[in-house]
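The values are calculated or read from the model by the stated rules, or taken from the named source; none is laboratory data. Remember, it's a predicted structure, so these values are computed and weren't measured experimentally. We place every Cβ from the backbone using ideal geometry, glycine too, and count neighbours over all the protein chains shown. Heads up: the accessible areas ignore ligands, DNA and RNA and are worked out on the full protein's heavy atoms, side chains in. Shrake-Rupley method; radii C 1.70, N 1.55, O 1.52, S 1.80 Å.
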Amino acid sequence: MAALQLATAEVCDANPHLILSGDLRALQPIFQIYGRRQVFSGPIVTLKVFEDNVLVREFLEEKGNGRVLVVDGGASMRCAILGGNPVQQAQNNGWAGIIVNGCIRDVDEINGCDIGVRALAPHPMKANKKGIGEKHVAINVAGTRIFDGEWLYADTDGILVSRMELTV
C-alpha cells in the first residue's frame, strides 16, 4: 500500500473547500524533521501515551503496511518516547512514518533510517516501561484533532491530516 506522494502546499491550494469544511487540517508547525524520508504519507494509527514507550514499541513491531503512527506523548519534554531501535524496526516492518508529540533520542541512528519521523525535540533520557496508554483513540496534536484511520501527508512544508485519502 504505497500512498501517493502529494506536495502539502499544492494540496492546500487545490482543496480550499476541504480546509473550510475541516476535512483537511494542517498541524501547527512545531515539529523537527528526522529520518531520511522527508516526504511520506499513509493511513493513520493513533496512540496516546505519557513518558512511556512500551505501546510505541509494540505498534512498531507490527507490519506497518505503509501506515503512519501518530503518537500523542502529551508534548512532554522530560524524556524520549522513541529511539533508534524501534525506528529501525519500523523501517524494516514497512511503516511510512512516525509523528511524535514529544521527544526522541538516538537522532543520528534515526537520521540513517529510510523512514519519516517528526518530533518536538531530542532528549537523552529514556521513557518509562509500564505499558500505559490508549490505542486507536482520538488525539489532539499540534492544534488538531486526529482520528485513527484518517490520512496523513508530510513533507518539508508541513503535515496535513485528511478525513479521506487524497488524489491528484
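Select, from 152, 69, the only residue that is buried (at least 23 other Cβ atoms within 10 Å of the Cβ), in a strand (DSSP E or B), in contact with a helix residue (DSSP H, G or I) (Cβ under 6 Å, 6 or more places away or on another chain) and of a type in the set (A, V, I, L, M). Full working, then the answer.
Working: 152 fails: in contact with a helix residue (DSSP H, G or I) (Cβ under 6 Å, 6 or more places away or on another chain).
Matching residue, one of 152, 69: 69.
Looking only at segment 87-106, decide whether some residue is open to solvent by less than 10 Å² (accessible area, probe 1.4 Å) and part of a helix (DSSP H, G or I).
Yes - at least one qualifying residue is present in segment 87-106.
Would you confirm, using the coordinates I've provided, whether residue 49 is under 13 Å from residue 119 (Cβ atoms) and of a type in the set (A, V, I, L, M)?
Details: under 13 Å from residue 119 (Cβ atoms): no; of a type in the set (A, V, I, L, M): yes.
Here the answer is no, as residue 49 does not meet what is asked.
I'm trying to understand the selection: among the residues of segment 1-37, which are closer than 14 Å to residue 96 by Cα, at pLDDT 95 or above and surrounded by fewer than 14 Cβ atoms within 10 Å (Cβ to Cβ)?
Scanning segment 1-37 gives a single hit, 36.
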